[in-house]
Amino acid sequence: MKNLAIITQWASNLLIALAGLGLVAMTAIVSWQVFGRFILNSSPSWSEQAALTLMIWFVTLAAAVGVREGFHIRITAVEDALPPTARRGMRILADLVVGAIGAAMLYWGGELVARTWGHVIPSLGLSRGFAYLGLPLAGGLIVLFAFERVLVELGGKNAADKEMA
Amino acid sequence: DREGSRVLTSSDTHPSDYPTVQAVNEMGRLLETRTGGRLRIHVYAGGQLGAERDTLEITTFGGLDMNRVNLAPLTAIEPMTVIPSLPFLFRSTAHMRQALDGPVGQAILDSLRPHGMVGLCFYDSGERSFYNTKRPIQTPADLKGLKIRVQNSDLFVTMVKALGADATPMDVGEVYQALVQGVIDGAENNQPSYFTGRHFEAAPFYSLSRHVMAPEILVMSMARWEKLSPADRDLVQQTARESVPFMRTLWDKRVEDATAKLLAGGVKVNEIADIAAFSDLMRPVWDRFVTSPEQKRLVAEIQAMGDSAGTQGVPG
Amino acid sequence: MEIAILGIALILLLMLGVPVAFALLGSAIACFLALDIPLVVVFQRMASGISVFSLMAIPFFIFAGDLMYRSGIAEQLVRVAGAVFAPARGGLGLVNVGASTLFGAVSGSAIASASAMGSTLIPLMRERGYDSDYAVNVTVTAAIVGLLIPPSHNMIIYSAASGIGVSISDLFLAGVVPGLLAATLLGLAAWLVARRRNYPTGTFPGFRALFNAAIYAMPGIMTAVIIMGGILSGIFTPTESSAIAVVYTILVGALVYRSLGLTKFLEAVTQSVRVTAMVLMIIGAATAFGYALAIMEAPAQLANLITTLTDNPILVLLIINIALLLLGTFMDMSPLIVITTPILLPVAMQVGVDPVHFGIIMMLNLGIGLVTPPVGSVLFVGAAVAKIKIEQAVKTIFPFYVALLITLLLVTYVPALSLALPGMFK
Ligand code: NA
Ligand code: NA
């Protein structure tokens, strides 16, 4: 349990760092696009697709972290109206649903990658499947993070949603 | 499926009154009549199911039965499909129709099978020409330095660069505003799209370069095809072929209407006297995209067909 | 049948407390299973829904706004605006409405506006004693005003979807008066709520103090000038302007004010990716959900229902308004325009509604859908930036909804509000 927490903490720090790097790279790429077109009179043809690919990656990876940190928006009106034991049951059930959807994202996201691996992203030259690769990765991480939350709840603690830092 | 009865789903990004949508509806009508209502087609028009590249992927997954797409998203999947998009390949619309109705067209349709799709037929997409906010294009020098919007396609980027302009890939939804505000100076498309996208409001110079006459294509997902009986497959193939002349009649009418409305809207349309000045610059473009022996054979066949007729020049 | 599965699954999952993005995905999965569509399509739609060029404005404006807040640039700006509006109760609320209208007008995107204004103004409003829910309510409702004031890429989508070539310049002109009307009514609502809650008033500090504050805030004021000037002069597109805003803010924060160090920068980066991931996951999941609705032709069924019910123009428009408000609650704006325009426009034209006028009705209607639960991306951005629950924001949003609904009724039944301006330029 404690080891799991160390691993997941380490993983989510790494993921947020990678996602942040993605955002910074995206900023640089789109700014370069403007600079190229307006100053150099030569528009980079790869920039739009590169930025879009980065966006899929960083959104899905950071979204997986969101499961661990509990920053995804959810409606708690029903939960708040219930007694504490029922609340715990609901939280466990909700985490199980999230984990199951993570598993679906891992499996069918993986199929998406496999089936589009031979397609090329025009003007970038990369495989389309590569752009989608963030999905199964995030799906696997969502399973892990949801599992951890369920363990915490079963262990009697509240895996309460963290305020966004 | 009860006794092979089925409503085939089909996607199209064009609006519901567009010739390709009408043609697939016509194909559905023929299918329905000939199977006593067992096979029908439902077209989701207007891009309501997503952009072409996306719905094309969904079709290869078997999530949609049919799809009418431009060739551009297919070239990312199968190199043979780039051939009809080669700039200045066809000398006229008649030349293009002749080539694609015959064995050359069939070879390109067949090249899609390994990718989970069955090519059913080609539909016209007209003659693409340049339009811009600044001046009529007469020579390649007139294009020099203009920022020309292109689709997200290596072929179009390479072609526009070879003509001396600045190729700017941009989502079609951003083009109108980009023209108005001067982010770009022009774009290229057929007359009906130039009209319906209202781009003529901002960019009133339309120069008939007719650089690309790439057709559109109707595909069926292999997953659905394999579930059809051999007799139904023949029927689907046959009705698709019959929808082509139907589509072309509507298309020619549409081009005529759009051209009339454009002229009434104050657009300055000009013919280009020396097309060879443009097509002569296309050698590197062809060399980059025509690489396999099979591609070269089809290109040579198309060129041989065109030697008898037509007006457009082809790099030698 | 399958529509029921979709709807019931969504409501159950939301009530269970499953995050909105996952509830949308889960109900789409259930519906796809019932429709016998391969599940790989769910995730393809999700990925495509995230990977849209114009959506890049969300991470960039959130990032730029966060940087402006952390580096104190926003503080300087608000000092100036606060000085001007000091005598009015809830002056910052009015500042927010005005700024959002201007920003939304230029960026054309409600969600970009909520991202930018939310991440700069909401923290500052809180520091000055305004409640979080009020700050969110003002920000998100004012953000949709920009949909009506040109330029608006949604109007371009509408023109293309109409299939009859509705003039984009007519649409742009038609949106101006309804947009200003909405801004005025929202400003009124912001002022009334501020009075009731007794928010602080200040005293006008005098012109010399205002001048000094303005000088000191000049680099920040230049952000707006650069964004608007750059878009209007054609140097960059509205989407690109969001990235330029980030670069400019970094330069000003690090070199001019020297208040943006590496630590603050990294905080801004990591916080921005969290908010972005939360919002874009919902948008991606809503795309998969919307695909299910589209394949079942929910909008077409609705149009059939309308035409069988009545052919009285007033009633038809009323029903269309209600229908669009409902659809706008579940689906996002651009896909909805594409799907519903070809279906509803002929119905509206049959009872004599001008297509330009109908376009404005549609923008406003679907815009309201962006700030209403259960799926309202603009509302979510506001709540996420303010770190409050949606329920908390929605509990007190009623006066702002009323302002928008009054605008909607006036725009719907007084065609001249939309059509007078384009008529003058004919
Ligand atoms: Na706008
Ligand atoms: Na909503």
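The values are calculated or read from the model by the stated rules, or taken from the named source; none is laboratory data. Remember, it's a predicted structure, so these values are computed and weren't measured experimentally. As a convention, Cβ positions derive from the backbone with ideal geometry for all residues, glycine included, and neighbour counts pool all protein chains shown. We work out accessible area using only protein heavy atoms, side chains counted, and drop any ligands, DNA or RNA first. Shrake-Rupley method; radii C 1.70, N 1.55, O 1.52, S 1.80 Å.
Estimated from helical segments only, the mean residue ellipticity of the protein assembly as shown at 222 nm is -21500 deg cm²/dmol, where each DSSP H run of four or more residues counts as -39500 (n - 2.57). For chain B, the per residue solvent-accessible surface stands at 35 Å², with DNA, RNA and ligands left out and a 1.4 Å probe. 3J(HN,Hα) along the stretch B:289-294: 9, 9, 10, 7, x, 5 Hz, from the Karplus curve 6.51 cos²θ - 1.76 cosθ + 1.60 with θ = phi - 60°, whole Hz, x for Gly and Pro. Remark: the stretch C:292-300, residue by residue, has Karplus-estimated 3J(HN,Hα) of 4, 4, 5, 5, 8, 6, 4, x, 5 Hz, where x stands for each Gly or Pro and the curve is 6.51 cos²θ - 1.76 cosθ + 1.60 at θ = phi - 60°. Chains B and C together bury some 2500 Å² of accessible area, summed over both sides, with a 1.4 Å probe. How big is the gap, in Å, between the Cα center of the stretch B:203-251 and the Cα center of the stretch B:122-152? Cα centroid of the stretch B:203-251 versus Cα centroid of the stretch B:122-152: 25 Å apart. Couplings 3J(HN,Hα) for the stretch C:380-392, derived from phi with the Karplus relation 6.51 cos²θ - 1.76 cosθ + 1.60 (θ = phi - 60°), are 5, 4, x, 5, 5, 5, 7, 6, 10, 6, 4, 4, 5 Hz, where x marks Gly and Pro. Interface burial in the stretch A:12-40 reaches 50 Å² or more for A:ILE16, A:LEU23, A:THR27, A:VAL30, A:VAL34, A:ARG37, A:PHE38, comparing the full protein assembly with the chain by itself; accessible area from heavy atoms with a 1.4 Å probe.
Beyond a 24 Å Cα-Cα separation, which of these cross-linked pairs lie in this structure: A:LYS2/C:LYS264; A:LYS2/C:LYS387; B:LYS134/B:LYS261; A:LYS2/A:LYS157? Write out the running numbers ahead of the final one.
Working: A:LYS2/C:LYS264 31 Å; A:LYS2/C:LYS387 29 Å; B:LYS134/B:LYS261 21 Å; A:LYS2/A:LYS157 13 Å.
Listed pairs above 24 Å: A:LYS2/C:LYS264; A:LYS2/C:LYS387.
Interface residues of the stretch B:144-191, defined as those with an accessible-area decrease of at least 40 Å² between the chain by itself and the complete set of protein chains (probe 1.4 Å), are B:LYS147, B:ASN152, B:ASP154, B:ASP166, B:PRO169, B:GLU174, B:TYR176, B:GLN177, B:GLN181, B:VAL183.
Taking amide H as placed 1.01 Å from N in the peptide plane, B:HIS42 has its amide H under 5 Å from the amide H of B:LEU8, B:THR9, B:SER10, each at least 5 places away in sequence or on another chain.
For chain A, state the semi-axes of the equivalent ellipsoid (square roots of 5 times the eigenvalues of the alpha-carbon gyration tensor), sorted largest first and rounded to whole angstrom.
Equivalent ellipsoid semi-axes, largest first: 37, 18, 13 Å.
Please report, largest first and rounded to whole Å, the three semi-axes of the ellipsoid equivalent to the stretch C:1-424, where each semi-axis is the square root of five times an eigenvalue of the C-alpha gyration tensor.
Numbers: eigenvalues 250, 128, 80 Å².
Square roots of five times the eigenvalues give 35, 25, 20 Å.
In the frame of its principal axes, the stretch C:293-395 has Cα extents of 46, 28, 21 Å, reported largest first. The candidates B:GLU188, B:GLU226, B:GLU294, arranged from most to least accessible area with a 1.4 Å probe in the full protein assembly, appear as B:GLU226, B:GLU294, B:GLU188. Counting, for every residue in B:94-105, the Cβ atoms of other protein chains within 10 Å of its Cβ and taking the mean gives 0. A straight Cα-to-Cα reach below 14 Å connects B:LYS161 with the aspartates and glutamates B:ASP142, B:GLU188, B:ASP280, residues fewer than 8 places away in its own chain not being considered. Partner shielding of A:65-73 amounts to 6, given as the average count of beta-carbon atoms from other chains within 10 Å of each residue beta-carbon.
For a straight C-alpha distance cut-off of 12 angstrom, the aspartates and glutamates reachable from C:LYS395 (same-chain residues fewer than eight places away being disregarded) are C:ASP133.
With every protein chain in place and a 1.4 angstrom probe, the accessible-area ranking of B:MET305, C:MET46, largest first, reads B:MET305, C:MET46.
When the other protein chains are added to the chain by itself, burial of at least 40 square angstrom of heavy-atom accessible area (probe 1.4 Å, ligands and nucleic acids ignored) affects these residues of the stretch A:100-140: A:ILE101, A:MET105, A:TRP108, A:LEU112, A:ARG115, A:HIS119, A:PRO122, A:SER123, A:ARG128, A:TYR132, A:LEU135.
For the stretch B:9-66, the alpha carbon convex hull comes to 68 Å³ per residue, rounded to a whole number.
Report, to the nearest 10°, how far helix B:172-181 tilts away from the longest principal axis of the Cα atoms in chain B, using its own Cα long axis and a range of 0 to 90°. Its long axis makes an angle of about 20 degrees.
Nearest 100 Å² is fine: what is the total accessible surface buried where chains B and A meet, probe 1.4 Å? That pair of chains buries around 1700 Å² in total. The residues neighbouring C:GLY220, those whose beta-carbon lies less than 15 Å from its own, together hold a net charge of +1 under the Lys/Arg +1, Asp/Glu -1 convention. In the context of the full set of protein chains, chain C has a per residue accessible area of 33 Å² (1.4 Å probe).
Suppose every Lys and Arg Cβ carries +1 and every Asp and Glu Cβ carries -1, with no other charges. What dipole size does chain B come out with about its Cα centre, to the nearest 20 debye?
On the way: 33 positive and 38 negative charges, 30 e Å.
Using Cβ point charges on Lys, Arg, Asp and Glu, chain B gives about 140 debye.
Restricting the calculation to Cα atoms, the stretch C:112-171 yields a radius of gyration followed by a Dmax of 16.1, 51 Å. Projecting each Cα onto the charge dipole of chain C (Lys/Arg +1, Asp/Glu -1 at the beta carbon, about the Cα centre), which of C:ALA9, C:PHE265, C:ALA294 comes out farthest on the positive side? Highest projection toward the positive end goes to C:PHE265. The amide H of C:LEU39, built 1.01 Å from its N in the peptide plane, has no neighbour under 5 Å, considering only residues 5 or more places off or on other chains.
If you filter the stretch C:393-426 for chymotrypsin sites (Phe, Trp or Tyr not before Pro), then keep DSSP loop positions with at most 11 other Cβ within 10 Å, what is left?
Working: sites: C:PHE400, C:TYR401, C:TYR413, C:PHE425; in loops: C:PHE425.
Sites meeting the loop and neighbour criteria: C:PHE425.
The A-C contact accounts for roughly 5000 square angstrom of buried accessible surface, both chains included, probe 1.4 angstrom.
When the accessible area of the protein assembly as shown is computed with all protein chains present and a 1.4 Å probe, what percentage of it is carbon and sulfur?
Values: 20790 of 32210 Å².
Carbon and sulfur atoms account for 65 percent of the accessible area of the protein assembly as shown.
Backbone amide hydrogens, once placed in the peptide plane, bring B:ASP166 within less than 5 Å of B:GLY145, B:LEU146, B:LYS147, B:ILE148, excluding anything fewer than 5 places away on its chain.
D by Stokes-Einstein for the protein assembly as shown, Kirkwood Rh over Cα pairs, 20 °C, 1.002 mPa s: 75 µm²/s. For B:THR158, the shell of other residues with beta-carbons less than 12 Å away shows a net charge of +1, using +1 for Lys and Arg and -1 for Asp and Glu.
What ratio of Cα Rg to 2.2 N^0.38 Å holds for the stretch C:74-150? Mind dumping the intermediate values first?
Working: Rg = 11.5 Å, N = 77, 2.2 N^0.38 = 11.5 Å.
For the stretch C:74-150, the normalised Cα radius of gyration is 1.00.
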